[in-house]
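In what follows, a structure is listed as structure tokens, so that the remarks can point back to it.
The values are calculated or read from the model by the stated rules, or taken from the named source; none is laboratory data. Please read these numbers as outputs of a predicted model, since none were measured by experiment. As a convention, Cβ positions derive from the backbone with ideal geometry for all residues, glycine included, and neighbour counts pool all protein chains shown.
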Amino acid sequence: MEQTTLGIGTRLQHTQLGPGVIVGIRYATYLISFINSGVKEIDKTDANLDEIIPENVTEEIETHSEVERSLLKILRLWNGVGETVALGDKWSGGKLILQPSDGSLKAKEIPVEDFFHKIVMLRDRLRVLEQNINSNKTLSDEEKVNIQQYITRCYGSLTTFNVLFKNKEHWFVGEKSGKDE
């Protein structure tokens, strides 16, 4: 798809993942909620994506679209619906041990599940922040891009924790140096 300026709420068709709706926008990618496979991060220039342009748009369809946008905004604000993210099997039941260099001080033990939950919540909050920035009507496009670059760098800083995720599609992705495909 050549178009890289689609907005939140745009309906898309992916040749492998099926129909979906843009729920978030990053500098070079869209966060798309697919009906059958959940939220995925897809490159804006992915050739497998096509915008679904409804034929014979009626007032009823437009009203429905407004309802969808309102519902998405409420869900983002209240974070009531979240994606289930699985911890890697080898980490289940494990613990994170923070050992001070001073041997006389007590180590801090944290269940890996608790630490992982904090990492996932941080990721979800960064996504909501991105959505709020992208839907902000007072920021210019240049300001949105500049702020988005900082968020992308935050994701890059968090890639260390990708080892905890069971599925690669949930990993943090920072700035890419170039296209490998």
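Of all residues being more than 27 Å from the chain's Cα centre (by Cα) and in a loop (DSSP other than H, G, I, E, B) in the stretch 86-103, which is surrounded by the fewest Cβ atoms within 10 Å (Cβ to Cβ)? Just the residue, please.
Pass one, the stretch 86-103, residues more than 27 Å from the chain's Cα centre (by Cα): 97-103.
Filter once more, so that each one left must be in a loop (DSSP other than H, G, I, E, B): 99-103.
Details: Gln99: 11, Pro100: 10, Ser101: 5, Asp102: 7, Gly103: 7.
Selected residue: Ser101.
Any residue that is under 11 Å from the mean Cα position of the chain (by Cα) and surrounded by 15 or more Cβ atoms within 10 Å (Cβ to Cβ) - is there at least one of those in the stretch 131-149? Before you say what the answer is, go through the steps one by one.
Going residue by residue through the stretch 131-149, those that are under 11 Å from the mean Cα position of the chain (by Cα) are 131.
Right, trim to surrounded by 15 or more Cβ atoms within 10 Å (Cβ to Cβ) and you get 131.
The answer is yes, given that some residue of the stretch 131-149 is under 11 Å from the mean Cα position of the chain (by Cα) and surrounded by 15 or more Cβ atoms within 10 Å (Cβ to Cβ).
Report yes if Glu169 is loosely packed, with under 15 Cβ neighbours inside 10 Å, without any contact (Cβ under 8 Å) to a residue 60 or more places away in the chain, acidic (Asp, Glu) and not assigned by TED's automatic domain parsing to the domain that holds Ile32, otherwise no.
So Glu169 fails the test.
Residue check, Ile61 against (1) modelled with pLDDT under 65; (2) under 13 Å from the mean Cα position of the chain (by Cα), all met but one. Which one?
With (1) modelled with pLDDT under 65; (2) under 13 Å from the mean Cα position of the chain (by Cα) applied to Ile61, the lone miss is (2).
Can you confirm whether Pro54 is in the same structural domain as Ile22 (by TED's automatic domain parsing), surrounded by fewer than 11 Cβ atoms within 10 Å (Cβ to Cβ) and either part of a loop (DSSP other than H, G, I, E, B) or modelled with pLDDT of 65 or more (or both)? Even if it seems obvious, please write down each step before you answer.
On the way: in the same structural domain as Ile22 (by TED's automatic domain parsing): yes; surrounded by fewer than 11 Cβ atoms within 10 Å (Cβ to Cβ): yes; either part of a loop (DSSP other than H, G, I, E, B) or modelled with pLDDT of 65 or more (or both): yes.
So Pro54 passes the test.
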